[in-house]
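Chemist: The following block contains the structure, expressed as structure tokens.
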Amino acid sequence: MERVVRVLMKVPAVRRVMSRLANVEAAIEKQQSLLDTLGHHWEEMIASQVRQHDQVQEAMTRFARQRARIASIGDAVHSQRTQIGVLLEQAQAATAEVLRAQQAQIDALPAQLRELTAASEGHSAALAEVSQHLPPAQRANLEAALHGQQLQLGALNSTVFAQQTQLAALNDLVRQMSSGAGNKPAAVIGAEGGNRNNQPEAPAVPPATIPDSLEQELLELGGGKGTVYRFDDLLQRQESPAPPLIFLHIPKAAGSTLNSLLMKSYKFRADSRGDSFFARYTPRELVDLASVPRSEDDRTRPVFFTGHINLDNEIFRSMPVRYVAITLLRDPIERVISHYRFNSTQPSVFQDAIRDEGLSIVDYCRKFAGTVRKQYEVFAPDGSVDVALRRLAEEVSFFGLQSEFGQYVEALGRLLGLPVNPYKMLNMTTPGAAGVTQDQVSELQSLFADDIAFYDRAVEIYRERLTRMPKLIAEHPWTRFYS
């Protein structure tokens, strides 16, 4: 057989056929290898598809859970929005009720004040008549009783001002709540309500201008003719009689103590209501009070006007005669700290905000910016520090420093001929007031940089004026007109 095969292989045709068969077998093996590779790839693709299918199923499961969670959050937000809306309505109703109660109390106070004023005037008249026939000791007792009446009037006026301040703060809260409810969804209000410092403050309301009718009446009565005694004028020892005085009372700068001292010398104290004297007095009453004393025994003159007012107040345009204007300044940081600490101990909306909202002194100054005003704004409500310094020097007769109160009182007495009276510092902050950190003081120095610059330059003016003070003389020509 092998021999036959060898013989056949020698035949060229057979050899070619066998070669082709070998090539075919090699091609078949190659195709089989390729099929095996494709089969392996196919198995991998099937496995990958299975894995992808599992991943898609897992993602669909997660998506379903997230969709359910979002739906749950949406329901919770809707529920919270409803609750916040109800709470907001309740808060607005409660605040409105408090406002009405406060307004009712404030409305009743002027009547009480008028009654006390009338009683005081009646007592003054009676005392003046009786005192002419009494020994000096009994006359002194009667004058002390009259002084007590004046102290009651001053205390009642302070109460009225405090009530007005609280009412203004409550009105601010109502405006914030109302504007927030109107402009934002309830859910957003709920998110931001915890941080009231981010809410813009209502702009301060400027003092009202004098209506034309009052302006005309003032002019007809002789108002508006008076000019201020400048510091250099006071150095000249002006002629009699003693002029009216206007005290620009800057809060937390020893103003209450100075008011109590002035009440011991002046015959009458006229307080503003808020920042207006026309809310309490008619033009005729203002002009009459500010007129020169008719004699040394005049029962109501000289008068001093006092209030938390600025240099643009209508009282300065109402004076029928020359007048003296005074004020006290205080280190801005010390003043702001005193403002904050004092109000943290006094029952009011300020104390509630400090306690309930945890307001730091910096937060307090920003939240109640309309109440904690910078001192230089008293002298330039719409101007700069330079304008305020110029007006302080030219339109205020003599100003002093709270830190040197005793020195200022002595110097003021020499300039105006005021008698020397003992005094006690009033409205001192009680123990337990809110604390202030050094970091907060640093923030305040940045916040009140303009006021600090104003105060530092004002101190220089005050020190220079002290060097020009006259020596004490036997009698000032105005002294005999005081109480």
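Where a number appears in this text, it was derived from the coordinates with a stated rule and is not lab data. Worth saying up front: this structure is predicted, and the values here are computed from it rather than measured. We place every Cβ from the backbone using ideal geometry, glycine too, and count neighbours over all the protein chains shown.
Chemist: Give SER403, SER344 a once-over and let me know the one that is in a helix (DSSP H, G or I) and surrounded by fewer than 17 Cβ atoms within 10 Å (Cβ to Cβ). Lay out the reasoning, then the answer.
Modeler: On the way: SER344 fails: surrounded by fewer than 17 Cβ atoms within 10 Å (Cβ to Cβ).
SER403 is the lone residue from the list that is in a helix (DSSP H, G or I) and surrounded by fewer than 17 Cβ atoms within 10 Å (Cβ to Cβ).
Chemist: Could you tell me whether the stretch 279-287 includes any residue that is assigned to a loop (DSSP other than H, G, I, E, B), over 32 Å from the mean Cα position of the chain (by Cα) and polar (S, T, N, Q)?
Modeler: Checked against the condition, which is being assigned to a loop (DSSP other than H, G, I, E, B), over 32 Å from the mean Cα position of the chain (by Cα) and polar (S, T, N, Q), the stretch 279-287 yields no hits at all.
Chemist: Looking at LEU466 and the list (1) closer than 30 Å to ASP382 by Cβ; (2) among the hydrophobic types (A, V, I, L, M, F, W, C); (3) free of Cβ contacts under 8 Å to residues at least 60 places away in the same chain, which single condition is not satisfied?
Modeler: (1)
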